[in-house]
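Since the structure comes first, as structure tokens, the remarks are kept for the end.
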Amino acid sequence: MSDHRPATDDDLPALGRLLTWVDRPGSGTKLFRALGGFCAALLVIDLLISKHGHFHIEDVWAFYGVYGFLSFVCVIYGAKTLRFFAKRNEDYYGAQAIDREDYPLDQTGVTKEADDA
Amino acid sequence: MDWSFFVGHVNYWLFVVLMMTGLYVVVAKGNLVKKIVGLNMFQTAVFMLYISMGKVHGGTAPIFPTDMKIDPATVYTNPLPHVLILTAIVVGIATTALGLALVVRIREEYGTIEEDEILEIEQDMASEENRIHGQAMGGRA
Amino acid sequence: MATESVHDVALTLHDQLPILQLVVPFLAAPLVMVVGAGRGVAWLIAFLASLAAFAISALLLAQVIDGGFLSYQIGGWAPPLGIEYRIDAVNAFLLFLISGVSTLVLPFAYESVKAEIAERNQALFYTCYLLCFAGLLGVTITGDAFNVFVFLEISSLSTYAIIAAGADRDRRALTAAYDYLVMGTIGATFFVIGLGLLYMMTGTLNMGDLADRIAPQTDNRTIQAAFAFIVVGMGLKIAIYPLHLWLPNAYTYAPSAVTAFLAATATKVAVYVLLRFSFSVFSPGFAFENYTYELIILPFAILAMFAASFIAIFQTDLKRMLAYSSIAQIGYMLLGLSLMNASGLAATMVHLFNHGITKAVLFMGVGALTLRAGSSFYASIRGMGRAMPLTAAAMVVGGLSLIGVPGTAGFISKWVLVQAAFEKGWWPVAFLIVLSSLLAVVYVWRFVETLYLHEPARDAAEAPLTMVVPIWITALACVWFGINTDITMTAANTAAETLLSGSTGLAEPSPWTSALPAGEASH
Amino acid sequence: MLESIPTAFLFFAMGLLAMAVPKGAARSALLVVIPLIAAWQVWTLPEGNLAPVTFFGLDLELMRVDRLSRVFGLIFCLIAALGNLYAWHLKDTVQQVAAPLYAGSAIGAVFAGDLVTLFFYWEGTAIASVFLIWARRTLGAYNTGLRYLIIQVGSGVILMAGIALLYAETGSIAFDRMTLGSLGTWCIFFAFGIKCAFPLLHNWLQDAYPAATITGTVVLSAFTTKLAVYALARGFAGTEILIYIGAIMTLFPIFFAEIENDMRRVLSYSLNNQLGFMVVGIGVGSEMALNGTAAHAFVHILYKALLFMSVGAVLYRTGKVKASELGGLYRTMPLTATFCLVGAASISAFPLFSGFIAKALILDQAAAHHHAIVWGALVFASAGVLSHSGIKIPFFTFFAHDSGMRPKEAPTHMLIAMGITAFLCIFIGVFPGTLYAILPYEVDYHPYTAAHVVGQLLLLCFALLAFGVLYRTGRHPAEIRCINVDSDVIYRKAAPSVVHIAARAISAIWQAHAGFWMRKTDLVLRGLYASHGPEGRMARVWPTGAMVLWIAILLGVTLAVIFVT
């Protein structure tokens, strides 16, 4: 496994170091707010442009935004309901199913790294 | 089937008798040379069938006069079957010769020309082979 | 009373192809004997003659593959009095097979004959081989019924001799040859009796002319008896099931090259003669023929498919196993014939060819194994797949073709045969064909298993190149004709149509046709 | 010279060559270069029936090139090259031979002008591809592969039956547009449907793809299903039932994907959902809708491969592929994460990414033909796609809670393969004209209108907003170790139980009878050996006289038969 590497940020590749910003406290909220702002801006723009959709409902203000929001919520709650019915343990299909077995490590780069170390 | 039918087809009756005699000899005789003789009789029967077939009643030998002045009234015997059978006779002689040559060679190899003795020798050879190779194949042969 | 000479202008070499087909190997035969001293030369002459014959047969086939026929008059004597060579798709296809197989077998024969036949006899051997080859070509090419008999005897007599040549290895070759001689002579004599009866009723021996004259008198007992004699006489040469008894010994004890050649050609030629007489001389519509085929040939064909296959399964000798398998395969050909429809005949024709090349591969393979292992018993060739990978692999290809695995020539013929049975509505027969193929799986698996899944019985080198190359060419042909069916199926279909359309009559009307009323010759 | 060789044969030759060339760079290079040559060949081939062959009296067309087959052939060649580049490190002959044979079969099937050729290649894809699963070399993969093979070959058998019926009915084996109606066409439709993962016939896909090797899944994801899409587009364009089948296909996988733990299975569900869009396009059947299907297949192959590549790279570096075990990998694998984001953006159809310009064609056509409910479903599904492929894959793999793993960045060749694929995704998104130009029909559509861009952004951003709200309030389903039963429970659980009970009953009866029949069989075999064995009556050497007697008997019988009848 790769956990033997020291996890100090200085060892990370440049791009990775840059991206660690998202894990700083408060970054999540900032991102969420930025997204909210962007959505608001889109709603404003939606007022200004002319639309000629195939269906009348497409031309209603903020239709896509509402539809998108509700769809997503539906998907999540639909999925949660499905999980209630469909969830099983990983050994449901017995021991000879791929869900139970690990990916053979000798076919990955993991073992080679371990050897290097 | 009256008398004239019988007489009129006498060549066929003789053909049938000779052919059957030949076949009988081939079937019944155990001696390889005798079998060849039977075969010869059998073939000779066919020669007879052909030659008698070519004969035309009242026909003469199919030889043209030297001056080639042919009388349209002359009836000739059909020469073609005779010619054919000349070939068949050659074939028959060749067959007999080859057959006898084989008999000589068989006599050299087996020391006998009696069929039942030869068969016995061959049966022994086959049994021996089966024993050896049958075992070698794990008895599955 | 000379017939008029038909051609005033000199014929080109191209026009002379039909006679050259025959004359080349025929003249080569005495030549081989004359130069006999060096066996390399003898072999070379035989090979060149065979190669030339192959080229000629290819040219002939190309001319008639789309239908139509060539008529060649020997010595310019017009038929029906003169002898006519008549080449259509049916026999051109067969000429192609015979000369092709011979051309492939001869290179193989070089080493094989050297090992199996005493040196002083080798020139004589090649002489007889060429005579046999020429005889088979002659039977196939001629349009004259009596000529068929003559060539048949030429090929048979030389066949007895070359089978007996196997006596250097096993003395039973002699008795095999003797048995075959007795049986073969009786068969040929039956055939010639049949011809005599026909001549008696028609006064002619030209096949086309015969057909014209038989047609109006099919109720005649003599004609019907002639048919019976011809069928049984040829049946013996074909090795129809109960008349097959000469075949296993002859094939087993003959020299390897001879077996490969004969298995691929001799019985096929006999089947051809039967086809030719059944369809071109007697016409396919005769009721007595149908009954003969349905009541006699068909049951025996099916019996052969099973009984011979069972015997093959239990053999201890690969060569003998293949001989019995040949008898079973002949059953398929006769089955196609007895279906009496176009697809059935096409199946027979295509199986003639495909089985010819398949058996050529297998028997040549056996010859190569015999050369290295000393005998063809399963016990002695165990594990030879590792020592002789090329030979063994080619034999596997041949075995697959024998079973009829898709992608091989054997599949094509069985496929067409099953289809023909369906067409006729004979479902049980189609089922039996498939069922008997399963038996082939068993005996083929036995030798494949023996070759590959055992520890090698001995160390051996791969067969010499002169053997491996022809074996592989033939093996590839098995695959090629299993994938590309253009040549074989076109030729077989044309041949079937040609046969079913009955006789084409005489090539050119001649004054003799009308001058000789039917039956006059018989007092 | 290249024109005369069917493209599929290039791949088969490549497969054979791969066996001959030693493992390592030479073989890997070979596997990348030849598909590129093939792509060039497909690009330059003239249209028409280029390789007619006669087989068994059937006229086969091995190379039917027209605009529809060309676009599929092109992307197949391209993805074969990219997939092989991604697999550069492989030293596994099984996979390196199976992959070209598989790709070649798929390409051969695309160019098949008749149903018989199609059938051969159809089975070819089934048989070659299973080795990509078995190459994982575990018991689970072996069992999965068997299930996969049975279903795939089953599809081929049904196809064969359909072809035979159709041939009996019409006397033609041409592969052209068909109308549902006869049993034959229904069989063919059903066979296509299995490979296309129609609802309830779909589960082989989610079963098999996560079981394949890292590189195998990338290759698998491209060919089989898209071949089925091509076959449907060729044979059943405009068949109305496809619209509804497609709509259902876009919907139900979303929910499964959302709660699935295995990332590659999430992608498999997502693949199924994307196929739904293509099937709707085929069902609508107008020229523009078929353009949409072809375009969507083209871009989908690219971004789905890209997603499988990035997940595969993670699996390659960590040995793990379950959402519950991953997270926070962006630190050490930032490039892979970026490429994954590109793929996610493409599949979610953000403007300037390839999904946007392709999916729009299909949605537009569904709306233009007044399929209001279907249109609503597709828009719903578009938001759903974002939930699993757009958010779940990148977020839970590379971000979210830190798994603590610090693997190395993906190997260079994988990065290059992902980079090129990501570049293509963006390039096509920015310059849609390049893709539109090679579509089967003339394209008269402009994706970048203000209304369309804003509408799409509204949809996606509000969906993102919803995710933000739900995630921050802890209502998003947690990533937990589990599996979810799908229709495969029928044949993996229920059917085996039934079979088990039946087997016990049968074996009881069998036990009673077996002894009896075994003795019988043994007797028959002994009898056969006694008569047919080497020394048996039938095989013995007979005296000459007896043989001659047979001749006489047969002659007598023949004469009797002839005279009596």
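Annotations for the structure displayed:
- Under Stokes-Einstein, with the Kirkwood radius over Cα pairs as Rh, the value for the stretch B:1-41 at 37 °C and 0.692 mPa s is 295 µm²/s.
- Across every direction, the projection of the convex hull enclosing the Cα atoms of the stretch D:492-564 has a mean area of 10.8 nm².
- Inter-chain shielding of D:485-492 (mean C-beta neighbours from other protein chains, 10 Å cut-off): 2
- The amide H of residue D:410, built 1.01 Å from its N in the peptide plane, has D:336 as neighbours under 5 Å, considering only residues 5 or more places off or on other chains.
- Neighbour net charge for residue D:476 - beta-carbon separation under 11 angstrom, K R +1, D E -1: +2
- Pairs of alpha carbons in the stretch D:101-158 whose separation is greater than 19 Å (percent): 31 percent
- Just so you know, the Rg over Rh for chain A is 1.16, from Cα atoms, with Rh as the Kirkwood radius.
- Exceedance of the 30 Å cut-off in Cα-Cα distance is limited, within the set C:319/C:424; D:320/D:359; A:30/D:392; B:35/C:237; B:55/C:237; A:51/D:359, to C:319/C:424; D:320/D:359; B:55/C:237.
- Using only alpha-carbon positions in chain D, the gyration tensor eigenvalues give semi-axes of 49, 29, 25 Å once each is multiplied by 5 and square-rooted (largest first).
- Shielding by partners for peptide D:133-141, expressed as the average number of C-beta atoms from other protein chains within 10 Å of each residue's C-beta, is 4.
- Computed over chain B: relative contact order in percent, which uses C-alpha pairs under 8 Å that are six or more apart: 20 percent
- Each of C:259, D:412, D:336 was scored by other Cβ atoms within 10 Å of its Cβ. Arranged with the fewest first, they read D:412, D:336, C:259.
- By average C-beta atoms within 10 angstrom, highest first, the peptides D:99-108, D:27-36: D:99-108, D:27-36
- Residue-count net charge about residue D:43 - beta-carbon cut-off 15 Å; Lys, Arg +1, Asp, Glu -1: -1
- Neighbours of residue A:90, meaning other residues whose beta-carbon lies under 9 angstrom from its beta-carbon, give a summed charge of +1 when Lys and Arg score +1 and Asp and Glu score -1.
- Every helix of 4 or more DSSP H residues in chain A counts as -39500 (n - 2.57), and over all residues that averages to -16500 deg cm²/dmol at 222 nm.
- The helix-only estimate of mean residue ellipticity at 222 nm for chain D, built from DSSP H runs of length n ≥ 4 each weighted as -39500 (n - 2.57), is -23500 deg cm²/dmol after division by the residue total.
- Per-residue mean of C-beta atoms belonging to partner chains within 10 Å, peptide D:244-254: 1
- Whole-Hz Karplus values for the stretch D:171-187 come out as x, 10, 10, 4, 9, 10, 4, 10, 10, 5, x, 7, 4, x, 5, 5, 4 Hz, taken residue by residue from phi with 6.51 cos²θ - 1.76 cosθ + 1.60 and θ = phi - 60°; glycine and proline positions read x.
- Remark: spin-label model distance residue A:38-residue B:87 equals 10.1 nm, labels positioned 7 Å along the Cα→Cβ axis.
- Seen from a random direction on average, the alpha-carbon convex hull of the protein assembly as shown projects onto 61.3 square nanometres.
- Rounded to whole numbers, the Karplus 3J(HN,Hα) couplings from phi for the stretch B:11-22 are 4, 5, 4, 5, 4, 5, 4, 5, 5, 5, 4, x Hz, using 6.51 cos²θ - 1.76 cosθ + 1.60 with θ = phi - 60°, and x at Gly and Pro.
- Residue D:488-residue C:14 pseudo-label distance in nm [points 7 Å out on the Cα-to-Cβ vector]: 6.9 nm
- Furthest towards positive pole of dipole, D:267, D:200, D:144, structure part chain D, Cβ charges: D:144
- Counted over the stretch D:291-379 with a bin width of 5 Å, the fraction of Cα pairs per bin, in whole percents, is 3, 14, 19, 18, 14, 11, 10, 7, 4, 1.
- FRET efficiency for the residue A:49 to residue A:27 pair, using the beta carbon distance and R₀ = 35 Å, is estimated at 0.60.
- Long-range HN-HN contacts of residue C:382 with modeled amide H, under 5 Å: C:457
- Per-residue ³J(HN,Hα) for the stretch C:318-323, Karplus 6.51 cos²θ - 1.76 cosθ + 1.60, θ = phi - 60°, Hz, x for Gly and Pro: 4, 5, 5, 4, 5, 4
- Value at 222 nm in deg cm²/dmol, rounded to 500, when DSSP H runs of n ≥ 4 in chain C each add -39,500 (n - 2.57): -24000 deg cm²/dmol
- The H on the amide N of residue D:63, modeled in the peptide plane, is under 5 Å from the matching H of D:50, D:51, D:113, each at least 5 residues off or on a different chain.
- Signed unit charges on C-beta, dipole axis of chain C, positive-most listed residue C:23, C:300, C:145: C:300
None of the figures in this text is laboratory data; all of them are computed from the coordinates on show. Model, not experiment: these values are computed from the prediction. Virtual Cβ from ideal backbone geometry, glycine too; neighbours counted across all protein chains shown.
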